[in-house]
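Presented below is the structure to which this report refers.
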Amino acid sequence: MSTDATQARHGGAQPSALRTGAQYIESLRGRGLAVYLMGKKVDEPVDHPIIRPSINAVARTYDLAVENPELATAISPFTGERVNRFLHIAQSVDDVVMQNKMQRRLGQLTGTCFQRCVGMDALNALYSVTHEIDEEHGSDYHRRFREFVAMTQRRGVVIGGAMTDVKGDRSLPPHQQADPDMFVHVTRRTREGVYLTGAKAHQTGCLNSHWLIVMPTMRLGPQDADYAVVGAVPVDADGITYIYGRQSCDTRAMEEGDLDAGNARFAGQEAMVVFSDVFVPWEQVFMHGEVDYAAMLVERFTCYHRRSYVCKSGVGDVLIGAAATIADYNGVANASHIRDKLVEMTHRNETIYATGIAASYQSHATRSGAYICDDMLANVCKHHVTSVPYELARLAQDLAGGLVVTLPSQQDLEHSEIGALLDKYLKGRSDVPTAKRLRILRLIENMTLGRNAVGYLTESMHGAGSPQAQRIQIGRQMQLDFKQALARELAGIDEDALRAMASDFGDYFTRVFASAGERSPDTPPHGES
Ligand SMILES: Cc1cc2nc3c(=O)[nH]c(=O)nc-3n(C[C@H](O)[C@H](O)[C@H](O)COP(=O)(O)OP(=O)(O)OC[C@H]3O[C@@H](n4cnc5c(N)ncnc54)[C@H](O)[C@@H]3O)c2cc1C
Ligand code: SF4
């Protein structure tokens, strides 16, 4: 498809916004994407049994918006219309908080990654960053970006956030890599726009999206100017190849029956996206060479995105429910250690929610007017997420018993000769049908070892940055001087320390002690500590 046609298809040419999950699924058909999965080109991703559960998960975000507009939609200041919250630029603390509530609910409803938060967080981060680039450089990015956002809202489309480059040698910046394509970069510029080459790794929901926003992945220096590029690209633009990522046990979706899949309806999606001279018209370029703003963009994006991992508390609710159910079916629900393990799971799960929602409640306005959550608390949230789901998975497997990994197949259960044997010998409590027991075991397997463990466990580890990335951010903001001053004053070592402390709380504690009304656009902007 030509670039013009592609853009018309995803621009204002369509008369009405996608509203329902069914409309969304139809919008993905017939795009002619170059998608490869297990060595084969996929003709129609919508109908591929491995891909379809991931599409269903995104469709659920549309249906939730229909069912519960207060939770999953907002009034756009750009269109004046009610739009899906995943496309909304946060105008208040409440808007940021509601993102988290919607994410927890969708985690509960799907038990997996529903894929739209990367785009939402990229839109919100870019809104303020383009504003501040324009303030310094007199550029036109913010107007372009607002128009792009308004278009996505009018169309009700899905946005993928393409940040993570394949990166090659991790110790080297982009311009020092042996292969310059290890990071996506501008290869050509014309009067019409720029051309991009490179590859983005682990792209969540990329081929379930309508647009990808390409962004730099790290702090850049003056010699990396070609890599300091942000652009919006239609998913079906010429020159893009998608190479689908395997998920543990993914081929179970191709087998007959739905029992062994564990969660047959919903799954996440990740693919490598290869850009070969992909054209982006200037109107959709939102950063071009402003290397100083790459770090600000990455920090603001990860700030939003690290507390978006509240999604895992919703998924955790499902796992806690599954653990409680198998204990019940096994007849041990009232044992004190079982109850205690469920309390432990709940306690840890709520820690994710608590830190994420606190980061959102402690939002402040950027100079653009868009609100952003608290960076320290967002990093603390994500850092919990790098370990808490693993502990919940361990406890769920403890309660499940060994059958979670030794269960015969659905075909054996339904076999004319051995099916009755399995039905007899795999029974737990006599009043619970064997099939119910097996279904809940398969769900626990799915979430802790199978395809949804990708989202629940390893994505929790690395998504939005590996654990060390959060420790660096927490370390930067921990205000040790301030804390030492508190201690020195109380220990009677240095009485001046208290006076200095009273006049300047510093970046994080200014946000801690500010009232909600004080967290206005005049508060020191994010990333300027
Ligand atoms: C399921 C999943 C979904 C994802 N979805 C998206 C998405 O939608 N969009 C997107 O843009 N990204 C996405 N990501 C990417 C995610 O942000 C990265 O995985 C993360 O930033 C880590 O990068 P990496 O995977 O290349 O690991 P690596 O960078 O290879 O890290 C591996 C280890 O090496 C360490 N390390 C790396 N570099 C250095 C260094 N210079 N010095 C010292 N130690 C170093 C890390 O701390 C880590 O311990 C997703 C990831 C996953 C797993
Ligand atoms: S991992 Fe969570 S925050 Fe990230 S896209 Fe998936 S559901 Fe959203």
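The values are calculated or read from the model by the stated rules, or taken from the named source; none is laboratory data. The structure displayed is predicted, hence computed values, not measured ones. Every residue, glycine among them, receives a Cβ derived from its backbone with ideal geometry; neighbour counts consider all protein chains shown. Surface areas here come from the heavy atoms of the whole protein model, side chains and all, with no ligands, DNA or RNA. Shrake-Rupley method; radii C 1.70, N 1.55, O 1.52, S 1.80 Å.
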What pairs come up if the first residue lies in region 452-470 and is closer than 11 Å to S387 by Cα, the second is within 11 Å of ligand 2 (Cβ to nearest atom) and of a type in the set (F, W, Y), and their beta carbons are under 8 Å apart, counting only those six or more places apart or on different chains?
S460/Y309
Single condition F513 does not satisfy, out of (1) at pLDDT 95 or above; (2) surrounded by fewer than 19 Cβ atoms within 10 Å (Cβ to Cβ); (3) among the aromatic types (F, W, Y):
(1)
Can you spot a residue in region 391-410 that is within 30 Å of C303 (Cβ to Cβ) and surrounded by fewer than 16 Cβ atoms within 10 Å (Cβ to Cβ)?
yes
Checking H202 against (1) within 16 Å of ligand 2 (Cβ to nearest atom); (2) in contact with an Asp or Glu (Cβ under 9 Å, 6 or more places away or on another chain); (3) open to solvent by less than 10 Å² (accessible area, probe 1.4 Å), the condition it does not meet:
(3)
Number of positions in region 19-28 that are in contact with a helix residue (DSSP H, G or I) (Cβ under 7 Å, 6 or more places away or on another chain) and either surrounded by fewer than 14 Cβ atoms within 10 Å (Cβ to Cβ) or of a type in the set (G, A, S) (or both)
1
Result of the Cβ filter at 6 Å on region 192-213, keeping first residues that are closer than 13 Å to F275 by Cα and partners that are open to solvent by 10 Å² or more (accessible area, probe 1.4 Å) and among the acidic types (D, E), at least 6 apart or interchain, is Y195/D277; T197/D181; T197/D277; G198/D181
Mind checking which residues of region 320-342 are out of contact with any helix residue (DSSP H, G or I) (no Cβ under 6 Å at 6 or more places or on another chain) and in a loop (DSSP other than H, G, I, E, B)?
N330, G331, N334, A335
Selection within region 145-197 - closer than 30 Å to S27 by Cα and among the aromatic types (F, W, Y):
F145, F148, Y195
When you go through D121, D94 one by one, which is the residue that is away from ligand 2 (no atom under 16 Å from the Cβ), within 29 Å of E518 (Cα to Cα) and either assigned to a helix (DSSP H, G or I) or open to solvent by 10 Å² or more (accessible area, probe 1.4 Å) (or both)?
D94
Can you tell which of R31, R85, R105 is surrounded by 23 or more Cβ atoms within 10 Å (Cβ to Cβ), of a type in the set (D, E, K, R) and modelled with pLDDT of 95 or more?
R85
Within region 61-77, track down each residue that is buried (at least 18 other Cβ atoms within 10 Å of the Cβ) and either of a type in the set (K, R) or more than 16 Å from ligand 2 (Cβ to nearest atom) (or both).
T73, A74, S76
Residue set F145, F114; condition aromatic (F, W, Y) and either in a helix (DSSP H, G or I) or free of Cβ contacts under 8 Å to residues at least 40 places away in the same chain (or both); output residue F145
If R437 meets every condition in (1) within 14 Å of ligand 1 (Cβ to nearest atom); (2) buried (at least 16 other Cβ atoms within 10 Å of the Cβ) apart from one, which number is that one?
(1)
Looking only at region 444-481, filter to residues that are over 24 Å from G356 (Cα atoms) and open to solvent by 30 Å² or more (accessible area, probe 1.4 Å); which one of those is nearest to ligand 1 (Cβ to nearest atom)?
L449
Out of the residues in region 336-365 meeting the condition of being buried (at least 19 other Cβ atoms within 10 Å of the Cβ) and of a type in the set (K, R), tell me which one is nearest to N100 (Cα to Cα).
R348
Considering only region 148-178, state which residues are assigned to a loop (DSSP other than H, G, I, E, B) and either open to solvent by less than 40 Å² (accessible area, probe 1.4 Å) or within 13 Å of G231 (Cα to Cα) (or both).
G156, V157, V158, M163, V166, G168, P173, Q177
Give region 276-316 a look and list any residue that's polar (S, T, N, Q) and within 16 Å of ligand 2 (Cβ to nearest atom), or say none.
T302, S308, S313
Any residue in region 217-231 that is in contact (Cβ under 8 Å) with a residue 60 or more places away in the chain, touching a strand residue (DSSP E or B) at 6+ places or on another chain (Cβ under 8 Å), polar (S, T, N, Q) and surrounded by fewer than 24 Cβ atoms within 10 Å (Cβ to Cβ)?
yes
Quick one: which strands (runs of 3 or more DSSP E) sit completely within region 199-256 and have at least 3 residues that are at pLDDT 95 or above, over 18 Å from the mean Cα position of the chain (by Cα) and closer than 18 Å to G119 by Cα?
229-234
